[in-house]
Amino acid sequence: MVSTVTVTNPRQQRHTRLAAIMANIFAASLLITTQSFATETSITLNQGANLSVTAPGAFDRIAFDLAGKIWLLSDASESAISLTDSLADSLADSLTNSLAESGSLHQRPAFARDGRLVAYESVLSGHRQIFVTDINSGITRQVTFGPYDHLAPAWSTIDSRQLVMSSNRSDNFDIWAVDVDNLELRQLTFSASDERDPAWNEAGSRLAYVTKSA
């Protein structure tokens with residue numbers, strides 16, 4: 001199956017396209033198209049995967065997950081580089097065999113608005129935690145802790161310190177916010193149903209998420 005996602009920024013008239021061959025197909029292509037410059041960068045993937053991709057609006061770069069790693073690709077580079085190799089040794093001992101074999105060590109990257117920080121999920125001691133990597137310095141920080149799962153990080157569109165995510169810290173999955181500077185947590189939803197995949201609107205005034213009824 002070929003899956004295509006197109007994201008348009010009306011202010012800059014830029015298009016980002018992700019085209020990937022999913023599941024067990026051995027060839028896939030990731031395409032980045034910049035309409036105003038009519039240029040295209042492509043890479044060839046040697047493994048199939050359920051890809052997710054993120055792109056900061058004002059920068060010519062993307063981050064995506066593949067084979068249990070987070071990768072960074074820019075228009076100026078010929079090949080993608082791994083942002084998560086430095087975490088591999090520290091996290092490997094905590095993985096179960098099933099997680100390691102499934103290649104789900106690191107996934108769901110999210111670029112901050114400033115194009116410098118990338119948040120993503122990583123498995124640690126059997127739970128998914130959120131990590132943040134500064135792509136300029138290479139420094140990585142863990143920003144969530146405890147025997148809970150933290151999923152689908154999404155940056156605030158108006159505050160570069162704030163992340164929202166889905167977490168089961170209150171038994172079911174609710175939407176939580178974390179300040180990446182002081183690690184302060186704040187619960188935003190309190191429903192009895194599971195709430196996942198949060199996303200802010202451009203103005204930072206509304207938060208959308210998916211609710212799954214019990």
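Kindly indicate the residue of the range 188-214 that is in contact with an Asp or Glu (Cβ under 6 Å, 6 or more places away or on another chain) and polar (S, T, N, Q) and also least open to solvent (accessible area, probe 1.4 Å) among those meeting that condition.
First pass over the range 188-214, keeping only residues in contact with an Asp or Glu (Cβ under 6 Å, 6 or more places away or on another chain): 189, 195, 209-212.
Right, trim to polar (S, T, N, Q) and you get 189, 211.
Working: Thr189: 13, Thr211: 72 Å².
Filtering the range 188-214 for residues that are in contact with an Asp or Glu (Cβ under 6 Å, 6 or more places away or on another chain) and polar (S, T, N, Q), the one least open to solvent (accessible area, probe 1.4 Å) comes out as Thr189.
Where the second residue is assigned to a loop (DSSP other than H, G, I, E, B) and open to solvent by less than 80 Å² (accessible area, probe 1.4 Å) and the first is of a type in the set (S, T, N, Q) and at pLDDT below 90 and lies in the range 203-214, which pairs have Cβ atoms under 9 Å and are six or more apart or on separate chains?
Ser213/Ser193
Go over the candidates Leu163, Leu185 one by one and state the one that is over 16 Å from the mean Cα position of the chain (by Cα) and closer than 23 Å to Gly126 by Cβ.
Numbers: Leu163 fails: over 16 Å from the mean Cα position of the chain (by Cα).
Of Leu163, Leu185, the one residue that is over 16 Å from the mean Cα position of the chain (by Cα) and closer than 23 Å to Gly126 by Cβ is Leu185.
Enumerate the strands (runs of 3 or more DSSP E) found wholly within the range 111-203, keeping only those where 1 or more residues are basic (Lys, Arg) and touching a strand residue (DSSP E or B) at 6+ places or on another chain (Cβ under 7 Å). Write out each step before concluding.
Numbers: elements: 117-124, 127-134, 140-142, 150-155, 162-170, 172-179, 185-187, 194-200.
Output list reads 127-134, 140-142, 162-170, 185-187, 194-200.
When you go through Ser82, Ser42 one by one, which is the residue that is modelled with pLDDT of 85 or more, open to solvent by less than 80 Å² (accessible area, probe 1.4 Å) and among the polar types (S, T, N, Q)?
Ser82
The values are calculated or read from the model by the stated rules, or taken from the named source; none is laboratory data. Since the model is a prediction, treat every value here as computed from it, not as a measurement. Cβ atoms come from the backbone with ideal geometry, glycine included; neighbour counts cover every protein chain shown. Protein only, heavy atoms only, side chains kept; ligands, DNA and RNA dropped before computing areas. Shrake-Rupley method; radii C 1.70, N 1.55, O 1.52, S 1.80 Å.
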